[in-house]
Amino acid sequence: MSDQYSNANTTMLAKYKKDHAVDGELNFFLVNGEIVGKGVGSKLLSEAEKDLQGKHIYLYTDDGSTFQFYDKRGFTRVGEKQISMLNGTDSVPLTAMLYAKEY
């Protein structure tokens, strides 16, 4: 990812941490595109949640990803920042997002 993306995430998390204690990050949660929509991501998250009771976690995503997955599973969007990414020579607008959930 670009420096702009990383900087947006760092800024959003720093702002969020001013008022919230977090225990960890859900990092790189990905399901093979060939099996998206088959419930694999939900099952993986359900298994992870068994170990997350009493924890406050966060994750980064963007509007180029399936952020709706987190909306449907009780995560709250606690930050967003408009950035642009290069796609070849084109500048593409993107919304970087910070989500959090307390178990």
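Would you kindly state how much longer the chain becomes between LYS18 and MET85 on full extension, computed as 0.36 nm times their sequence separation minus their alpha carbon distance, in nm to one decimal?
Numbers: separation 67, 0.36 × 67 = 24.12 nm, distance 2.77 nm.
Result: 21.3 nm gained on full extension.
What accessible area per residue comes out for the chain, rounded to a whole number of Å², with a 1.4 Å probe? If you can, show how the numbers build up before the last one.
Values: 6860 Å² over 103 residues.
Spelled out: the 1.4 Å probe surface of the chain, per residue, equals 67 Å².
Pop out the carbon and sulfur fraction of the accessible area of the chain as a percent, whole number, probe 1.4 Å. Each step should come with its number before you reach the end.
Details: 3330 of 6860 Å².
Of all accessible area on the chain, carbon and sulfur atoms account for 49 percent.
Name the longest site-free stretch of the chain, where the excluded sites are trypsin sites (Lys or Arg not before Pro) in a DSSP loop with no more than 12 other beta-carbon atoms within 10 Å. The partial results should precede the final answer.
Details: sites that count: LYS18, LYS38, LYS50, LYS72.
Answer - 73-103.
Looking at region 1-69, how many pairs of lysines come closer than 29 Å at the Cα, when each pair is eight or more places apart or spans two chains?
10
If contacts are Cα pairs under 8 angstrom and at least 6 residues apart, what is the relative contact order of region 1-83 in percent?
Numbers: 37 pairs, mean separation 39.5, N = 83.
It rounds to 48 percent for region 1-83.
Per-residue ellipticity at 222 nm for the chain, helices alone: DSSP H runs ≥ 4 residues times -39500 (n - 2.57), over residue total, nearest 500 deg cm²/dmol?
Values: 3 runs with 29 residues, N = 103.
Per the formula, -8000 deg cm²/dmol.
Dividing the convex hull volume of the alpha carbon atoms of the chain by its residue count, what do you get in Å³ per residue?
On the way: hull volume 10.4 nm³, N = 103.
In the chain, the Cα hull volume divided by residue count equals 101 Å³.
The values are calculated or read from the model by the stated rules, or taken from the named source; none is laboratory data. Note that the coordinates shown come from a computational prediction; the quantities given were computed from them, not determined experimentally. Don't worry about glycine lacking a Cβ; one is built from the backbone with ideal geometry, like all the others, and counts go over all protein chains shown. Quick note on the areas: whole protein, heavy atoms, side chains included, nothing else; ligands and nucleic acids left out. Shrake-Rupley method; radii C 1.70, N 1.55, O 1.52, S 1.80 Å.
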